[in-house]
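Chemist: Following this message is one structure expressed as C-alpha cells.
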Amino acid sequence: MHEATFSLGDIAGSRFPLLEYAPDAIVIAGADGRIRLVNAQTERLFGYYREELIGQEVEILVPARYRGKHVADRSEYYAEPRVRPMGMGMELYGLRKDGSEFPVEISLSPITTKDGTFMASAIRDVTERRAFQARLQKLNAELESASNAKDRFLATMSHELRTPLNAILGFTGTLLMKLPGPLTAEQERQLEIVRGSARHLLSLITDVLDLAKIESGKWELAAEPVALRDVVAEIAASLGPLADQKGLAFAASIAEDIPPLVTDRRALHQILLNLTSNAIKYTETGSVGIDARAAECDGRSGIAVRVTDTGIGIKDEDLQRLFQAFEQLDPTSTRRFEGTGLGLYLSRNLARLIGGELHVTSEHGAGSTFTLVLPLSREAA
Amino acid sequence: MLYLLRAFGHDAHGESDGNAAIEAVREGGFAVVLADILMPGVDGYEFARRMKSDSRLRATPLVAVTALAMPEDRKRIADAGFEGCITKPIEPETFVAQVEAFLAPDPG
C-alpha cells in the first residue's frame, strides 16, 4: 500500500470529474458511517439533493429493516477493507427520498487518503435486470413443465400403441405356429399378411418414438468404448441370412489399424443396421459390403464406415430427397421395398447426435455407397 | 400368453387383478411369475414390492412383461426387484423360451 498523497477534498475538486459523471451512484462515507461525498447519479437514483445527504448516516439510503445489519456490516468491513461486491447472494435494496425502494447491486472499495480511510460504494439500479431474470425464470419453469408433459405423452403413447399389438402379433403368431390346429394355404397366406403389417406397424412406432426422443433431447447419449468389429459382426449375423436368401454376397472388412472408438453403441448399431438393411433391400443381384477405415472427421481423427451395394442406385436429382422422412424414391415400388420411410432420416439425425455425418454417393442402376463418418470420441480435441 | 405357455406344455394361471394375483402366488406352487406394470388398482411395482417383501415368495423369479420401453422404466423395473423384463408386444415364436430361461434348473 503506497502512502496517501491526496485528501478527500482533492477528489471533490478534481479537474477530472470522473466521479461526478460516473454511470453508477458513488457514495463515499467514513468510518463513522457519515456520507462525505456523492455524485450526480446518486442524486438521480435516490431523489436527494447532495446537500441533504452530506453528513447523514449512510443508512439513510437503506430500507429501515436492513439498517441494523448494515451498521454491523460496516464495522466488519472496516476491520478488513478491500475491494469487493457487497452482500453476495443477498437481495439488496436502496431507499429513495420518497420512501420507494428499488433493487441494487453494490460494490465497495476503500480509499486511503491523507485524512484517513474512507469507504466508497458504487451503487447500480438493477430493477430491469431483476425483472428480466424473473421473466426468464418463469419461462424456464413453463418450458420444463411443457417438456415434462411431452415426455409423459410420449411414454403413454408408446405404451398405448404397443399394447394392442401384443394381441395381434401374439395370436397371429400362435395361429401361424399352428398351435390351435392346421391351417389351409389361404388362411396361412392371409395371416402372414396380417402379421407382416403388424410388424411394420411396430417398427413405425419404434422409429417414431426414437425420433421423438432425439428431437426432445431425451435420447440418453452414452459414451463408451465400442469395438466396431463386434457391432459389424452383430449386423452381419442379423442380416446375413437375409442377404443369403436373396443370393447376394455379403462381406465385412474392418481395417486392422482403425483406432479405438468411444461413442453411443446403440446409435451406431442402429445407423449401420439401417444402412445395411437398406443396401440388402434395394439390391437384387450382386453384393453388399461393409468396410471401415481411419479417416478425418471435421478436421479431427475419426473413422469412416462404408456400406456399399450393387443395387438399383439413386438418381442425382433424388439424392436431395433421400434423407427426408417418409420419402421412398420410387412410389410405384413401395410394395417391393417395404420400410417405414424413416430409416435414413433417423440415421442422419442419430449420426449428427453422435458427432458424425452421413454421406451418400450413387450411380443409378449400378449401386450406392453410404458413408458414416465419426469422430473417435466426442471429447477428443 | 397363457395360450402360448399352455400350448408348450406349461401349467399356466392368470389373474387380472393385482390383489387376487398376490393371493394366488401366496397359495404357492408357481415356478415363475409374470407381471404387467400398468394395471389398475395394484400396479406392477406395488405387486413386486409385496411379493419380494414376503419371505416365502421372494425366491420365486418375477419377470415384468410390459410395453414400457423407456430406459427410465427399465431401471425402475430392475430396482423394484424384477428378475427380468420382456417387452410387449411379445414375439410368440420365442416367448416361451424367454420365460423358460427364468425357471430354476431341474434338480438332479
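Each reported figure results from applying straightforward, stated rules to the coordinates on display, with no laboratory input. This is a predicted model, so every value here is computed, not measured. When we count neighbours, we look across all protein chains shown, and the Cβ atoms used for this are built from the backbone with ideal geometry, even at glycine.
Chemist: Of B:Ser55, B:Met39, B:Ile22, which is farthest towards the positive pole of chain B's charge dipole, taken about the Cα centre with +1 and -1 on the beta-carbons of Lys, Arg and Asp, Glu respectively?
Modeler: It is B:Ser55, whose Cα lies furthest towards the positive end.
Chemist: Also, I was wondering about something else. Quick one: compute the contact order of region B:24-68, relative version, from alpha carbon pairs under 8 angstrom and 6+ residues apart, as a percent. Don't skip to the end; give the middle numbers.
Modeler: On the way: 44 pairs, mean separation 22.6, N = 45.
Relative contact order for region B:24-68 comes out at 50 percent.
Chemist: Let me ask something else. Report the residue, chosen from B:Ala64, B:Ala31, B:Ala48, that carries the largest GNM mean-square fluctuation when chain B is represented by alpha-carbon nodes joined by springs under 10 Å.
Modeler: B:Ala31
Chemist: Looking at chain A, identify the longest residue range that excludes and avoids all chymotrypsin sites (Phe, Trp or Tyr not before Pro) in DSSP loops having at most 11 other Cβ atoms within 10 Å.
Modeler: A:50-325
Chemist: From the backbone phi of region A:127-139, what are the Karplus-calculated ³J(HN,Hα) couplings (6.51 cos²θ - 1.76 cosθ + 1.60, θ = phi - 60°) in whole Hz, Gly and Pro given as x?
Modeler: The phi angles translate into 3, 5, 5, 5, 4, 4, 4, 5, 4, 4, 4, 4, 4 Hz.
Chemist: Too long at a 23 Å Cα-Cα cut-off: which of A:Lys281/A:Lys315; A:Lys213/B:Lys75; A:Lys213/A:Lys281; B:Lys52/B:Lys75; A:Lys213/B:Lys88; A:Lys150/B:Lys75?
Modeler: On the way: A:Lys281/A:Lys315 17 Å; A:Lys213/B:Lys75 17 Å; A:Lys213/A:Lys281 27 Å; B:Lys52/B:Lys75 17 Å; A:Lys213/B:Lys88 19 Å; A:Lys150/B:Lys75 20 Å.
The pairs that break the limit, which is 23 Å between Cα atoms, are A:Lys213/A:Lys281.
Chemist: Based on the Kirkwood radius over alpha-carbon pairs, what value in µm²/s does the Stokes-Einstein equation return for the translational diffusion coefficient of chain A at 20 °C and 1.002 mPa s? Walk me through the intermediate numbers first.
Modeler: Numbers: Rh = 27.8 Å.
Once the numbers are plugged in, D ends up at 77 µm²/s.
Chemist: Need one word for region A:41-119: rounded, prolate or oblate. Basis is the Cα gyration tensor (sqrt eigenvalues a ≥ b ≥ c); a/c below 1.5 gives rounded, then a/b vs b/c decides. Before the final figure, lay out each step's value.
Modeler: Working: a/c = 1.82, a/b = 1.26, b/c = 1.45.
Oblate is the answer for region A:41-119, as a/c is 1.5 or above yet b/c matches or exceeds a/b.
Chemist: State the answer as a single residue: which of A:Ala146, A:Gly170, A:Thr127 lies farthest towards the positive end of the charge dipole of region A:127-183, with beta carbon charges of +1 for Lys and Arg and -1 for Asp and Glu, about the Cα centre.
Modeler: Comparing the listed Cα positions along the dipole, A:Thr127 ranks first.
Chemist: So, one more: Just to confirm the number: angle between the C-alpha axis of helix A:64-79 and the first principal axis of chain A, 0 to 90 degrees, nearest 10?
Modeler: Taking Cα atoms only, the helix is inclined about 80 degrees.
Chemist: I would also like to ask the following. Just check region A:124-271 against the gyration tensor rule for me: Cα atoms, a ≥ b ≥ c as the square roots of the eigenvalues, rounded for a/c under 1.5, and otherwise prolate or oblate depending on whether a/b exceeds b/c.
Modeler: Because a/c hits 1.5 or more and a/b fails to exceed b/c, region A:124-271 counts as oblate.
Chemist: About the Cα centre, and with charges only on the beta carbon of Lys, Arg (+1) and Asp, Glu (-1), how big is the dipole of chain A? Nearest 20 debye, please. Please report the intermediate quantities before stating the final value.
Modeler: Values: 43 positive and 52 negative charges, 137 e Å.
The calculated dipole for chain A is roughly 660 debye.
Chemist: Based on Cα positions only, what radius of gyration and what Dmax would you give for chain B, in angstroms?
Modeler: Both quantities, over Cα of chain B: 13.3, 41 Å.
Chemist: Enumerate the amide H contacts of B:Ala35 below 5 Å, restricted to partners 5 or more residues apart or on another chain; note that Pro and chain-start residues carry no placed amide H.
Modeler: For B:Ala35, whose amide H was placed from the backbone, the distant partners under 5 Å are B:Val63, B:Ala64, B:Val65.
Chemist: Moving on to the next point. Between A:Thr117, A:Thr285, A:Thr263, where does the largest GNM mean-square fluctuation fall for chain A, given springs only between Cα atoms within less than 10 Å?
Modeler: Fluctuation is largest for A:Thr117.
Chemist: Using just the alpha carbons, could you tell me how many Å³ per residue the convex hull of region A:131-215 encloses?
Modeler: Details: hull volume 6.0 nm³, N = 85.
Dividing the Cα hull volume of region A:131-215 by its residues yields 71 Å³.
Chemist: Sum up the charges of everything whose Cβ sits under 13 Å from the Cβ of B:Thr60, counting Lys and Arg as +1 and Asp and Glu as -1, but leave B:Thr60 out.
Modeler: Working: positive: B:Arg26, B:Arg50, B:Lys52, B:Arg56, B:Arg58; negative: B:Glu27, B:Asp54, B:Glu83.
Net charge around B:Thr60: +2.
Chemist: Also: If I fit a long axis through the Cα atoms of helix A:343-353 and take the longest principal axis of the Cα atoms of chain A, what angle between them do I get, 0 to 90°, rounded to 10?
Modeler: With rounding to tens, the tilt is 30 degrees.
Chemist: Hey, how many Å between the Cα centroid of region B:38-108 and the Cα centroid of region A:64-90?
Modeler: 61
Chemist: Right, next: With springs connecting C-alpha atoms under 10 Å apart, model chain A as a Gaussian network and identify which of A:Asn278, A:Asn39, A:Asn140 has the largest mean-square fluctuation.
Modeler: A:Asn39
Chemist: In debye to the nearest 20, how big a dipole does chain B give about its Cα centre with +1 on each Lys and Arg Cβ and -1 on each Asp and Glu Cβ? Kindly include the intermediate steps, with their values, before the conclusion.
Modeler: On the way: 11 positive and 17 negative charges, 59 e Å.
For chain B, the charge dipole is close to 280 debye.
Chemist: Mind listing the phi-derived Karplus ³J(HN,Hα) values for region A:234-239, rounded to whole Hz, using 6.51, -1.76 and 1.60 with θ = phi - 60°, and x for any glycine or proline?
Modeler: 4, 5, 4, 5, 5, 9
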